[in-house]
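Engineer: I'd like to ask some things about the structure below.
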2 protein chains.
Amino acid sequence: MASSSDYDVVIVGAGPAGLMLALWLARLKIRTKIVDKRSVKVLAGQADGVQCRTLEVAHSFGFVQRLIEEGAHINEICNWTPAADGGLERTKRMPDNEPGTSRFPHVVLTQGRIERFLLDAMRDFNGLGVDRAVAPTNMTVDPALLTDFSPSSYPVTLKLRHLSEDEATPTQVGIANGLHRSNVLSDDEADAMHGTREGGAYALAGEEETVRAKFVVGADGARSWVRKQLGLSLEGESANSLWGVLDAVVVTDFPDIRLKSSVQSHGAGSILVVPRENDLVRFYVQMGSTDPNGERFDRSSISPESIVETAQRIFQPFKLDIKHIDWWTLYEVGQRMSPQVTLDNRVFLAGDAFHTHSPKAGQGMNTSMMDSFSLGWKIAHVVQGKASPAILETYGLERLKVARELLDFDYKLSRMFAGKPITSDGKPVSHEEFKKFYESIGKWASGTAVAYLPNMLVAPEREPRLAPGLPHGQRFESHAVVALADARPWHLADRFLSDGRWRLVLFAGDVREPQQRDKLEQAAAYLDSSAGPLRTFTPADDDLDSVIEVLTVISDPRTSVEPNAFPDVLWPPKKPYGSRSYDKLYADDSSPVTPNDRGEIYKHLGIDAKTGCVVLVRPDQVVALVCSLDDIGDIGSFLSQFMVPQQQ
Amino acid sequence: MASSSDYDVVIVGAGPAGLMLALWLARLKIRTKIVDKRSVKVLAGQADGVQCRTLEVAHSFGFVQRLIEEGAHINEICNWTPAADGGLERTKRMPDNEPGTSRFPHVVLTQGRIERFLLDAMRDFNGLGVDRAVAPTNMTVDPALLTDFSPSSYPVTLKLRHLSEDEATPTQVGIANGLHRSNVLSDDEADAMHGTREGGAYALAGEEETVRAKFVVGADGARSWVRKQLGLSLEGESANSLWGVLDAVVVTDFPDIRLKSSVQSHGAGSILVVPRENDLVRFYVQMGSTDPNGERFDRSSISPESIVETAQRIFQPFKLDIKHIDWWTLYEVGQRMSPQVTLDNRVFLAGDAFHTHSPKAGQGMNTSMMDSFSLGWKIAHVVQGKASPAILETYGLERLKVARELLDFDYKLSRMFAGKPITSDGKPVSHEEFKKFYESIGKWASGTAVAYLPNMLVAPEREPRLAPGLPHGQRFESHAVVALADARPWHLADRFLSDGRWRLVLFAGDVREPQQRDKLEQAAAYLDSSAGPLRTFTPADDDLDSVIEVLTVISDPRTSVEPNAFPDVLWPPKKPYGSRSYDKLYADDSSPVTPNDRGEIYKHLGIDAKTGCVVLVRPDQVVALVCSLDDIGDIGSFLSQFMVPQQQ
């Protein structure tokens, strides 16, 4: 029915936000086109911090090992401040993340590699690739079709133009030593790149193409063309200090060059050291402050050499010998965002297209990908007829809140870094403030504490809290469990793959107790009933776990209950052979081969080991609702508010 | 100088033994050709057990995650025996491996996938692929060149013939239900396969090709053509019982269908259950015993249906509904091996070409790959002029011993399984024997306890033992450490990649003690000296860690010593920029982000935390020599016996 130029979703921009969305949609088999005006993807430099939460999501798409293997791992933060003898002293060591923050580390790796992993995963799921050297020239939305969600309705029409090589290659200023200097923009880190071309795609240069889409997503960066079509602009704090960024191979006697280190000097400014893959180190070097009257910097005087010189002054008395510069840029600190992220829930913005800030916190790429991670499954649910279009409202509610928090975080962090490190009496007070601030935001910075407020997809918190470790609106905090059937240890969230399914985790408690056993039987009977959410929201021909997967975790020892003792619906037969789903049943216990590694998930999440609870987890691993086994009917009621019944 | 038909190594046979060797040689950039007479690789069935040690080696080549992700994990062994009520009862649960056996699990996955991983890794290292549908027809060795190891000497000439499609496709007997029945051989598991062809390679059918090689390795299975050219045959125990093997998807109420389970019935025989990937289960079903006079079985009466019927009788009263048969075969138990593995250290045998046995123990594929893992680096060392050809003698010494142990193990295991489970008084005595036997060989079966006797590459054990956890001749037992420079936790053996390098691990002890500190300085001075092994055996233009990598592990807390405090040779500068090797220095400590995960490597290996020791590890992770820091000169003496000096 759909013509070859009709798509469910067209994504403009193939940076991390656009690629993460494309990956989600590829995984869920949504008809998607993704275009990018640039002829090559990023190859060096740019964003590099990959937070724990982003690794969790990468795991759910199957590519986390590539991040773990290629990235530099950040385990500790050190602060250096001016010492009384005129040198520098290490005044603090801190874990980079509070122990237990995530089952994955915090890694650092160039954006180009992360884009590579996303591209490879897209291709592996359904062959989706990026149409490069393609830019939109016109977008119209048909008001008559806005609320028409029938399969043949494509309300958005987009004109795309194939660019020539000159148009598709980012402007770069060559400088004498062979480096390419990027265009520096006041509201975003520069969009610089260099290196070899990937394939050649200019045969169609100048040609125009018209496509229709149910949804268009602008993931096209701080100067977003899509955002301009919506009449929106980035608003907020203007710049107040200038920083140089340098990725380099160095020889130094500074001992913490492979740790994330902040160095505040005797009056030469401050620097942030971030170790990188392939022996690289990234330096964020403070290069000046803006006139409070808003006068602009003279950027022309700044070169890699001047950044290096400044860095060397800050590092004194340590030697800093820069052997190779891989990439560099300049940026001015500023925090700006768009007040809206959508036009009528048909056109959306994601990533830098609606929030920009300084790169130093290592948050931008992560937040951009998490924007898409929140959006992708919702669009898919609507396209697939699983859920009401009303759920699309939650995207803006959730991600505008995060963007606001990010800008606030970045504003404070930038002030901390740019502020004078020494008070008039010579004590490093501002450093103490910095440290305190850093400790206070550690978990937020890992991405694991991002919290959405109650909305259609996040139920209001209930009292008493049956799982205090699983607040509504936050990602499911994982702990180790063991599978009943094969004694294999898993982190429970290892089972929460990004496949579009909801998860219902039955913390069944102590099922050796007859009373608790009865409760579990009753809950299972509800789930197996025609009125229950599984049979209501699952198409008749599909496996019973294909929309909502039920996972059961008992608090008893693994060997105390045989799989056969559980009601069928908790380990349902699978098509085509009717073999049982042995991967649904778990215990809060250890495996025989790792007897000392019990995860104690009940204890860590604060769940009563006798009575348990029920946890509904969204396809993006966000906790939607926690209730008691007795109240399991509330799961169905909650889902009925937005899920579309598939059976009569 | 070498013509396009001259190779350092020609490998005949691309099963697990041949591919593991090809992978080693690809990794070490040795000019290699690998041929296989079959037109397709194995696709289903065949060997499936992948022991912990094999995963360790897979890690060292970079593909362990694929095994972990695709394989079924074996964590527990259960034994079922006849119960008094006429049913079956679970009489024992055991961990599949003793806790702490390895940092990797025991997994089960079809041989076809393992071959795929090896092929992919080969291709990724240097583009090496298999020449399929190619068989050798003639092999000659020039006696005059036997001891000529000059670069232009190619003593072995091999004629290869390109096969037609008919010749290259294994004979299969189609049976009514669509299964392909393999040819069943008395001395090996059948070489059955089915499925689609990979590429087409018959353009040259009938053509002959002559190649010359420095070394030829026959990894061409139990009916090895290469072995026959050497005039060797497999000798040993003939068959005495017949087993059916079935890979199937089942529906059953037997609760341990996802555990490795042995079931001994009330007179209907016994069965071994091994859970597999993709919901498959492998059943080894006892189908009969041989007449002691050696009369052969009537195989024609055995079909998948008769195997299923037997299995169902054994499983009573549990129901066993076979929904889909993926692969099946028959085998007779027998243990046979060749008394020799080489002709003049120019032609070698590896894998089934010199040892065959029953498949039930899950050892064959592992042992075959470990044969090649022992051989590959030695050949490479000789080809590269790093070591004397005399080291090739150690291949037979090491692997014939392992083959003998394997046959002994298999003989006992087969007798245990085939023996009557019930004694005359009705007690499951033989089951107890079985259990006891299983416990006694668990570690050996994991591959981690394989022990080579002293030879040119394994020094005799010294007393007192300075690292009782690291016996000479066994693989290095890994524990977690933390890197000094970046606080990253590692299993120490994660650093022992299969890149052809030796490792010298300096357990430096407590270097805060001035006396111990002095010892470390002296050891470092020796290693940095022109007479030391690093400068003697490393080519002048190469990095100092390119032949022998020195890793230092202190027993002190990580933050007690700065990297800068270590002598240069322990973290040497790297080409081309001179940046320091921050990945050489470790502490027996935890990382700040995982403070409870200290590996306690000194304690586990029994090393004195004050005085430490020095451990020389071969490129195949085998411990060659442990000595004190005072005796570090012995490392040089040991290596001088076979390594070739590269510098004056």
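Engineer: Need at least 1 residues that are among the β-branched types (V, I, T) per element, so show me which strands (runs of 3 or more DSSP E) inside segment A:313-391 make the cut, counting only ones lying wholly within it. Show your work before the answer.
Structural biologist: Values: elements: A:320-332, A:335-337, A:347-349.
The strands (runs of 3 or more DSSP E) meeting that bar are A:320-332, A:347-349.
Engineer: Let me ask you something else. Taking into account only those residues within segment A:80-118 that are open to solvent by less than 20 Å² (accessible area, probe 1.4 Å) and in a helix (DSSP H, G or I), which is nearest to B:V593 (Cα to Cα)?
Structural biologist: That would be A:I114.
Engineer: Okay, moving on. Can you tell me which residue in segment A:313-327 is nearest to the other protein chains (Cβ to nearest Cβ), limited to those that are more than 7 Å from A:A248 (Cβ to Cβ), buried (at least 19 other Cβ atoms within 10 Å of the Cβ) and out of contact with any Asp or Glu (no Cβ under 6 Å at 6 or more places or on another chain)?
Structural biologist: A:L320
Engineer: Moving on. Quickly run through segment B:572-590 and pick out the residues that are part of a loop (DSSP other than H, G, I, E, B) and either small (G, A, S) or surrounded by 21 or more Cβ atoms within 10 Å (Cβ to Cβ) (or both). Walk me through how you get there before you give the answer.
Structural biologist: Of the residues in segment B:572-590, the ones part of a loop (DSSP other than H, G, I, E, B) are B:572, B:575-578, B:581, B:588-590.
Scanning segment B:572-590 gives B:G578, B:S581, B:D588, B:D589, B:S590.
Engineer: Could you pull out the residue among A:V550, A:V569, A:V561 that is surrounded by 14 or more Cβ atoms within 10 Å (Cβ to Cβ) and either within 14 Å of another protein chain (Cβ to nearest Cβ) or of a type in the set (F, W, Y) (or both)? Talk me through it step by step, then tell me what you get.
Structural biologist: Details: A:V550 fails: either within 14 Å of another protein chain (Cβ to nearest Cβ) or of a type in the set (F, W, Y) (or both); A:V569 fails: either within 14 Å of another protein chain (Cβ to nearest Cβ) or of a type in the set (F, W, Y) (or both).
None of the other options fit; the residue is A:V561.
Engineer: Among the numbered criteria (1) in the same structural domain as B:S529 (by TED's automatic domain parsing); (2) open to solvent by 10 Å² or more (accessible area, probe 1.4 Å), which one does B:P619 miss?
Structural biologist: Exception for B:P619: condition (2).
Engineer: It is to be established whether one or more residues within segment A:512-525 are touching a residue at least 40 places away in the same chain (Cβ under 8 Å), under 24 Å from B:R258 (Cβ atoms), in the same structural domain as A:G578 (by TED's automatic domain parsing) and open to solvent by less than 20 Å² (accessible area, probe 1.4 Å).
Structural biologist: We begin by selecting, within segment A:512-525, every residue touching a residue at least 40 places away in the same chain (Cβ under 8 Å); these are A:512-513, A:516, A:519-525.
Imposing the further condition that a residue be under 24 Å from B:R258 (Cβ atoms) reduces the set to A:512, A:520-521, A:524.
Next, only the ones that are in the same structural domain as A:G578 (by TED's automatic domain parsing) stay: A:512, A:520-521, A:524.
Filter once more, keeping what is open to solvent by less than 20 Å² (accessible area, probe 1.4 Å): A:520, A:524.
Among the residues of segment A:512-525, at least one is touching a residue at least 40 places away in the same chain (Cβ under 8 Å), under 24 Å from B:R258 (Cβ atoms), in the same structural domain as A:G578 (by TED's automatic domain parsing) and open to solvent by less than 20 Å² (accessible area, probe 1.4 Å), which makes the answer yes.
Engineer: Considering only residues that are more than 19 Å from A:P460 (Cβ to Cβ) and in contact with a helix residue (DSSP H, G or I) (Cβ under 7 Å, 6 or more places away or on another chain), which ones fall in segment A:595-619?
Structural biologist: A:I601, A:A609, A:K610, A:T611, A:P619
Engineer: Please enumerate the residues belonging to segment B:134-150 that are in a loop (DSSP other than H, G, I, E, B) and open to solvent by 60 Å² or more (accessible area, probe 1.4 Å). Don't jump to the end; show me each part of the working.
Structural biologist: From segment B:134-150, those in a loop (DSSP other than H, G, I, E, B) are B:142, B:146-150; that's our starting set.
Within segment B:134-150, B:D142, B:T147, B:F149 meet the criteria.
Engineer: Does segment B:232-263 hold any residues that are open to solvent by 10 Å² or more (accessible area, probe 1.4 Å), away from every other protein chain (no Cβ under 14 Å) and either out of contact with any strand residue (DSSP E or B) (no Cβ under 9 Å at 6 or more places or on another chain) or outside any loop (DSSP other than H, G, I, E, B) (or both), and which are they?
Structural biologist: B:E235, B:G236, B:E237
Engineer: Does A:A121 satisfy the criteria of being within 10 Å of another protein chain (Cβ to nearest Cβ), farther than 24 Å from A:E477 by Cβ and crowded, with 18+ Cβ neighbours inside 10 Å? Step through it out loud before you land on a result.
Structural biologist: Values: within 10 Å of another protein chain (Cβ to nearest Cβ): no; farther than 24 Å from A:E477 by Cβ: yes; crowded, with 18+ Cβ neighbours inside 10 Å: yes.
In short, no.
Engineer: Give the residue that is surrounded by the fewest Cβ atoms within 10 Å (Cβ to Cβ), with candidates limited to residues of segment A:457-479 that are more than 19 Å from A:W444 (Cα to Cα) and of a type in the set (D, E, K, R).
Structural biologist: So the residue we want is A:E463.
Engineer: Further question on the same structure: Out of all the residues in segment A:42-65, which are buried (at least 22 other Cβ atoms within 10 Å of the Cβ) and modelled with pLDDT under 90?
Structural biologist: Listed by number, the residues that qualify are A:V42, A:G45, A:Q46, A:A47, A:D48.
Engineer: Can you name the residue in segment A:480-494 that is open to solvent by 10 Å² or more (accessible area, probe 1.4 Å) and within 20 Å of the chain's Cα centre (by Cα) and, of all such residues, is nearest to the other protein chains (Cβ to nearest Cβ)?
Structural biologist: In this case the residue turns out to be A:D494.
Engineer: Still on this structure, I have one more. One residue is enough: does segment B:591-605 have a residue meeting the conditions assigned to a loop (DSSP other than H, G, I, E, B), surrounded by 23 or more Cβ atoms within 10 Å (Cβ to Cβ) and at pLDDT below 95?
Structural biologist: Yes, some residue in segment B:591-605 is assigned to a loop (DSSP other than H, G, I, E, B), surrounded by 23 or more Cβ atoms within 10 Å (Cβ to Cβ) and at pLDDT below 95.
Engineer: Out of all the residues in segment A:32-61, which are part of a loop (DSSP other than H, G, I, E, B) and either under 18 Å from the mean Cα position of the chain (by Cα) or without any contact (Cβ under 8 Å) to a residue 60 or more places away in the chain (or both)? Before you say what the answer is, go through the steps one by one.
Structural biologist: So in segment A:32-61, the residues part of a loop (DSSP other than H, G, I, E, B) come out as A:37-48, A:51.
Listed by number, the residues that qualify are A:Q46, A:A47, A:D48, A:Q51.
Engineer: Continuing with the same structure: Could you look through segment A:298-312, keep only residues that are part of a helix (DSSP H, G or I) and over 23 Å from B:G578 (Cα atoms), and pick out the one that is least open to solvent (accessible area, probe 1.4 Å)? Show your work before the answer.
Structural biologist: Quick first cut of segment A:298-312, residues part of a helix (DSSP H, G or I) only: A:299-301, A:304-312.
Among the residues that remain, those that are also over 23 Å from B:G578 (Cα atoms) are: A:299-301.
On the way: A:R299: 40, A:S300: 97, A:S301: 76 Å².
Ranking the qualifying residues of segment A:298-312, first place goes to A:R299.
Engineer: Inside segment B:61-103, can you point out the residues that are more than 11 Å from every other protein chain (Cβ to nearest Cβ), under 25 Å from B:S270 (Cα atoms) and not hydrophobic (A, V, I, L, M, F, W, C)?
Structural biologist: B:N79, B:T81, B:P82, B:D85, B:G86, B:G87, B:E89, B:T91, B:K92
Engineer: When residues of segment B:336-354 are filtered for being touching a strand residue (DSSP E or B) at 6+ places or on another chain (Cβ under 8 Å) and open to solvent by less than 10 Å² (accessible area, probe 1.4 Å), how many remain?
Structural biologist: 9
The values are calculated or read from the model by the stated rules, or taken from the named source; none is laboratory data. Computed from a prediction, not measured in an experiment: that's the story for all the values here. Backbone-built Cβ (ideal geometry, glycine too); neighbour counts: all protein chains shown. For the accessible areas, the whole protein counts, side chains as well, though only heavy atoms, and no ligand, DNA or RNA atoms are used. Shrake-Rupley method; radii C 1.70, N 1.55, O 1.52, S 1.80 Å.
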